[in-house]
Amino acid sequence: MFPTEPAAVNNGFSALLKNRGFLLLWIGQLVSQLGDKVFFVLMIALLENYPPPPGLAENSMYSALMVAFTIPAVLFGSAGGIFVDRLPKKLIMVGSDVLRGLMTLLIPLLPRQFAILLILTFGISTVTQFFAPAEQAAIPLLVKRENLIAANALFSSTMMGALIVGFAIGEPILSLAKSLLGEDYGQEIIVSALYLLSAAIMQPIKFKEHKAIDEDSQAAVNPWAEFTGSLKYLRKNRLVLNAMLQLVTLYCVFAALTVLAIRLAAEFGLKEKQFGFFLAAAGVGMVLGAGFLGHWGEKCHRKPLPLIGFVMMALVLGVFTFIHNLAIALGLCALLGVGAALIGVPMQTLIQQQTPPTMHGKVFGFQNHAVNIALSIPLAITGPLTDALGLRSVLVTMSIVVAVVGVWAWRNTRRVLQDVI
């Protein structure tokens with residue numbers, strides 16, 4: 001399960017930097033993540049070139065595009081993991097990038113009809129659902145067990161960095177591509193190039209895959225049986241289920257904050273479109289927290305990291321609306337991000353350590369599915385709740401829920417968690 005990598009007397013980031021396979025995977029996923037963010041900006045930018053269908057307003061076009069982009073994560077999040085257990089990880093990741101790159105190149109070649117744009121967006125987002133679980137299942141194949149926390153810390157920090165940087169540089173990159181490569185197809189070429197570059201970077205990786213499933217069992221498999229099988233496994237393995245529930249709670253909080261940040265911006269005298277300052281501060285905190293764990297994580301063995309993280313997040317949420325200074329508010333957001341890293345990195349590492357290789361795809365696929373649902377529900381209900389109850393009431397309620405979940409999760413699994421994180 002944990003193959004040999006170059007010998008190193010020290011662990012943490014220094015050992016990972018000597019692992020060529022892991023470096024290629026890390027750089028490849030970073031480029032692919034940037035491609036995802038710039039692609040999303042591209043879809044929004046392209047709408048001005050597509051006439052609205054009869055009876056559909058311009059704002060409704062934005063909503064329809066968002067649905068086409070997000071619904072594959074809810075529909076196919078678990079399905080991607082089924083193929084991860086049955087096909088080589090590199091084939092899925094490289095193939096996903098190549099497909100997304102080619103589909104992006106189709107956009108300027110097809111008629112400018114909104115329905116076609118929706119279909120391509122849906123298709124590219126669907127292919128992405130296969131990349132994510134393959135990537136998570138690939139990390140334990142390339143990294144020693146003792147370096148998994150550092151590996152997940154690096155992945156978490158760069159994923160958040162790609163989220164911040166990708167949206168920030170998306171528009172300048174697309175504008176530059178239009179001026180250098182042409183207005184008709186320059187933007188699509190640059191996004192496609194990011195996906196294809198990611199595929200080229202990961203192509204040299206050599207995985208030591210576990211043995212493939214025999215033909216008889218392959219013939220008997222069906223997606224629903226695989227899905228229910230992953231549920232049965234999680235019900236039996238309370239440790240993995242508990243870790244996944246903590247990750248789902250974490251993503252729920254961040255999804256809700258995405259909506260609340262718009263209201264918070266107004267509270268602190270900012271323009272609504274400047275809500276990204278709060279999210280960026282939280283992202284910086286996550287990068288700092290993940291960097292700390294990656295470098296000193298093994299010194300924190302047997303420490304209640306997820307409990308500390310939940311308590312930090314609960315305190316920040318509870319005091320947020322009592323603060324009126326913008327600098328302090330941004331500092332609190334960064335502290336929230338540090339707490340999130342103390343939850344996310346150890347829990348992701350625990351799932352990788354405790355899940356057998358034959359279940360990696362199904363478990364990570366189910367995790368991808370659960371996380372995407374966790375992101376969707378708060379986005380839908382946080383706005384109406386804030387209108388009905390007020391910003392302060394919603395934040396204080398979230399603080400109580402986060403604290404209760406953290407204490408409950410730690411009490412349920414603390415004896416085992418202390419041995420593995």
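Sorted by average packing, counted as other Cβ atoms within 10 angstrom per residue and highest first, what order do 169-179, 146-156 take?
Going from most to least packed, we get 146-156, 169-179.
Modelling each spin label as a point 7 Å along the Cα-to-Cβ direction, I'd like the ARG392/ARG145 distance in nm, to one decimal.
Between ARG392 and ARG145, the label points sit 5.2 nm apart.
Counting every Cα pair in segment 314-370, what percent are over 16 Å apart?
58 percent
Taking θ as phi - 60°, what are the ³J(HN,Hα) couplings along segment 174-187 by the Karplus curve (6.51, -1.76, 1.60), each to the nearest whole Hz, with x for Gly and Pro?
Coupling constants for segment 174-187: 5, 5, 5, 5, 4, 6, 8, 10, x, 6, 6, 9, x, 5 Hz.
Rounded to whole Hz and in sequence order, give me ³J(HN,Hα) for segment 130-141 from the Karplus expression 6.51 cos²θ - 1.76 cosθ + 1.60, θ = phi - 60°, writing x for Gly and Pro.
8, 5, 4, x, 5, 4, 5, 6, 6, 4, x, 7
On alpha-carbon atoms, Rg over Rh for segment 35-141 using Kirkwood Rh?
1.03
Could you give the nm distance between label points at LEU110 and ILE189, where each point is 7 Å from its Cα heading toward the beta carbon?
Calculated label separation equals 2.1 nm.
Expressed as a whole percentage, what fraction of the accessible surface of segment 282-374 belongs to carbon and sulfur atoms when a 1.4 Å probe is rolled over the protein heavy atoms?
Values: 2430 of 3250 Å².
Here carbon and sulfur together make up 75 percent of the probe-accessible area.
Highest first, please rank the peptides 88-96, 15-23, 284-292 by the mean number of other Cβ atoms sitting within 10 Å of their residues.
Highest mean packing first, the order is 284-292, 88-96, 15-23.
Which of the peptides 29-41, 114-126 is most tightly packed, and how do the rest follow, going by the mean number of other Cβ atoms within 10 Å of each residue?
Descending packing order for the listed peptides: 29-41, 114-126.
What distance in nm separates the simple spin-label points at LEU17 and VAL67, each placed 7 Å from Cα in the Cβ direction?
The answer from the label model is 4.9 nm.
The values are calculated or read from the model by the stated rules, or taken from the named source; none is laboratory data. Just so it is clear, the structure is predicted and the values come from calculations on it, not from any experiment. Here Cβ is always computed from backbone atoms with ideal geometry, including for glycine, and neighbour counts include all displayed protein chains. Surface accessibility is based on the protein's heavy atoms, side chains included, excluding ligands, DNA and RNA. Shrake-Rupley method; radii C 1.70, N 1.55, O 1.52, S 1.80 Å.
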